[in-house]
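Data first, discussion second: the structure below is written as C-alpha cells.
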Amino acid sequence: MGADLWGMKPETLLAQLDHFTDPQTAGVVPTIQPSTTYVRGPDNALLYPDLCYGRDQNPGYRVVEGVLSQLEAQAIAPGVGRDLDPETVWAQLLASGQAAGMLLVQALKPGDQVIAGLHMYWALRNQIERFCQTWGLGLHLVDMRDLAAVEAALQHGTDGCERLLLCEVPTNPMLYMADIPALSRLCRAAGGRLAVDATAATPILLRPLTLGADLVFHSTTKALNGHADLLGGVLLGREDGSAYSERLRSLRAGLGAVPSAFDAWLLARGLRTAALRVRSSSASALALAEAMERHAAVSVVLYPHKDQVASRDMRGGHGMLMSLRLAGGAKAALVATSRFKLFLRATSLGGTESLVEYRSAIEGPTSPVPDDLLRFSVGLEHIDDLLADLSQALEGL
Ligand SMILES: Cc1ncc(COP(=O)(O)O)c(C=O)c1O
C-alpha cells in the first residue's frame, strides 16, 4: 500500500487497488470487515487507535479513499492543471452521491452563500433549494458557462461569509461543460470555494482538483462502481486547514452518512475495471453522438466532444452520458422511448448496461430540461448493436 504507483496510469493504479496486499493474509483482495465496534486493551487504549466505532471507521473505506485520493491528485496529462501531493488530498466515502453533495451545504452556516449551477442533477438542486431556505443560506442559481454571471453572484453575502460555488461538469443531462480554472480564479478573488460534481466525467477523464477546484465529489453509484448494484458517494478535498473543511469531515460521522462495509468492498471491486469501462463507454457514446449528427430525426446532439473546454481539460473521452433532442418534439421523444429493444428504459448512468430516459417526465415542470430530450447512458454492449437499436427507435420520426 502507499503511493507506490504514483505517476502510473489510472488502469495500473485501479487494477491493483494501489498495489494492495492484505497485511494479514497476503491476499490480493481487501477483506470485508463488518464489525461496528473495535476492542480496547486492559489499559483501556484502543488496540488500533483509529478503529473505535463503525460509524465512520472501517478499514475497507481506507483502501478506496486512498486510491481515489491518488487518482484525483494527479494531473490528467502533462500541462493540464498541475499534480498535487496525494497526501494533501483527503477523501471520504459517503452513503450516496446525494449525501456527498448535501454535505457541502450542510457544513455551511446561516448567512453563507451557495452559487449553484442552474444545470445540474435535478434531485440535488431541489434538495439544496429546500435546505438553503430552511437553513437561511443565500442561493443563486447560475449558468456556469456565464462567467460574468458567476462573478456577480459571488459578490452576494456579508464580509467573511462562506461562498460555495457548486458546479457539475459535464452537466446531467445537458452535457454542458464549465471552465474549472476560470471558475476557480473567480472563487479565489471573491474568497469562495469551488466544488465540482464530476460524476458524469469520473476521475478517469477529468481531475477538477488539479485544475484548481477545492473540492470534488462523485456519485459512486454510477461509473466508478459501474455495476448498478450499490449506492455510494465520495467527497475529496484539498487540505486547507479551514474550519469549513473540518466541519465537512466531522459531519460525515455526525450525520452517519456512511456506506456499509459491503458496499465499500463492492466499490473497491468495481474500481478495478473503472478505467477500461469508462473509456469503452465513452468511445461508444462518441460514436453514437457522431452518427446522430447526421440523423433527420435529431435536432441537437448534446455531447461535449466539440467543446473547447472539454478538449483542453479532459483526456481519454468525454463520458458515457449523451443526450438527443428530437426534431419531432415531445411526441417523437415518447414514441422513440417506447421502441427501444436493447437500451433499457431506466434512470441512472454509468453501469455496464445502456439506459435511455425521457428526462423531462422525471424532473417535472420546473426543470430546465427540454421536453424533446432523451438521455442515454452508454454501457458496454457492442457499438453496432447500440447503433442498430437507436436507429430503429428513431426510424421515420
Ligand atoms: C451528476 C449526479 N450527481 C449526483 C447524483 C446523486 O447520486 P446518488 O444517486 O448516488 O445519490 C446523481 C444521481 O443520479 C448524479 O447523476
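For the reader, a short list of remarks on this structure follows.
- Magnitude of the charge dipole, the chain, Cβ model with Lys/Arg +1 and Asp/Glu -1, debye to 20: 360
- Which of SER284, ASN58, ALA332, positive extreme of dipole for the chain (C-beta unit charges): ALA332
- Each residue of the stretch 34-47 was assigned a 3J(HN,Hα) from its phi angle through the Karplus expression (A = 6.51, B = -1.76, C = 1.60, θ = phi - 60°), giving x, 4, 9, 9, 10, 7, 9, x, x, 7, 6, 7, 4, 5 Hz with x at Gly and Pro.
- When the helices of the chain are scored as -39500 (n - 2.57) per DSSP H run of n ≥ 4 and the total is divided over every residue, the value at 222 nm lands at -10500 deg cm²/dmol.
- Tail weight of P(r) past 15 Å, computed on alpha-carbon pairs of the stretch 59-157, percent: 70
- For the stretch 298-342, convex hull volume per residue from C-alpha positions, Å³: 81
- Sequence-distant residues sharing a close amide H with ASN172 (under 5 Å, placed H): TYR121
- Debye equation applied to the C-alpha atoms of the stretch 186-295, log10 I(q)/I(0) at 0.17, 0.19 Å⁻¹: -0.93, -1.06
- Order of PHE131, PHE262, PHE217 under a 10 Å beta carbon neighbour criterion, fewest first: PHE262, PHE131, PHE217
- Phi angles of the stretch 356-371 translate, via the Karplus equation with coefficients 6.51, -1.76, 1.60 and θ = phi - 60°, into HN-Hα couplings of 10, 9, 7, 6, 5, 5, 6, 7, x, x, 8, 6, x, 7, x, 7 Hz per residue; Gly and Pro are given as x.
- Among ARG279, ARG315, ARG188, the residue with the largest mean-square fluctuation in a Gaussian network model of the chain, with springs joining Cα atoms closer than 10 Å, is ARG188.
- Taking Cα centre as origin and charging only the Cβ of basic (Lys, Arg, +1) and acidic (Asp, Glu, -1) residues, the dipole magnitude of the stretch 96-209 rounds to 200 debye.
- Binning the C-alpha pair distances of the stretch 39-88 at 5 Å intervals from 0 yields a P(r) profile of 5, 18, 17, 14, 13, 10, 9, 7, 4, 3, 1 %, listed from the shortest bin outward.
- Note on the chain: antiparallel DSSP beta bridges, both residues inside, total approximately 60 percent of the bridges counted.
- Reachable aspartates and glutamates, given that their alpha-carbon falls under 16 Å from the alpha-carbon of LYS341 and they are not under 8 places away in the same chain: GLU353, GLU357, GLU381, ASP384, ASP385, ASP389, GLU395
- Partner lysines for LYS9 [C-alpha distance under 29 Å; skip if fewer than 8 residues away on the same chain]: LYS222, LYS306
- Principal axis analysis of the Cα atoms in the stretch 275-394 yields extents of 36, 29, 27 Å, listed in decreasing size.
- A cut-off under 15 angstrom between Cβ atoms defines the neighbours of ASP56, and their net charge, with Lys, Arg +1 and Asp, Glu -1, is +1.
- Mean projection area, nm², convex hull over Cα of the chain: 20.2
- For the chain, the residue among SER245, ALA268, GLY97 whose Cα projects farthest onto the positive side of the dipole built from Cβ charges is GLY97.
- Within a Gaussian network of the chain (alpha carbon springs, distance under 10 Å), most fluctuating of LEU205, LEU251, LEU321: LEU251
- The stretch 275-394: antiparallel DSSP beta bridges as a percent of all, rounded to 5: 85
- Long-range HN-HN contacts of LEU139 with modeled amide H, under 5 Å: VAL114
- Counted residue by residue at 0.36 nm each, then reduced by the alpha carbon distance between them, the extension gain from VAL28 to VAL335 reaches 105.6 nm.
- Of the DSSP H helices in the chain, those whose Cα atoms cover at least 24 Å axially and whose Kyte score averages 0.5 or more: 274-292
No value in this document is a laboratory result; all are computed from the given coordinates. Owing to the predicted nature of the structure, the values given are computational and were not obtained by experimental measurement. With ideal geometry, Cβ positions are generated from the backbone for all residues, glycine too; neighbour counts draw on all protein chains shown.
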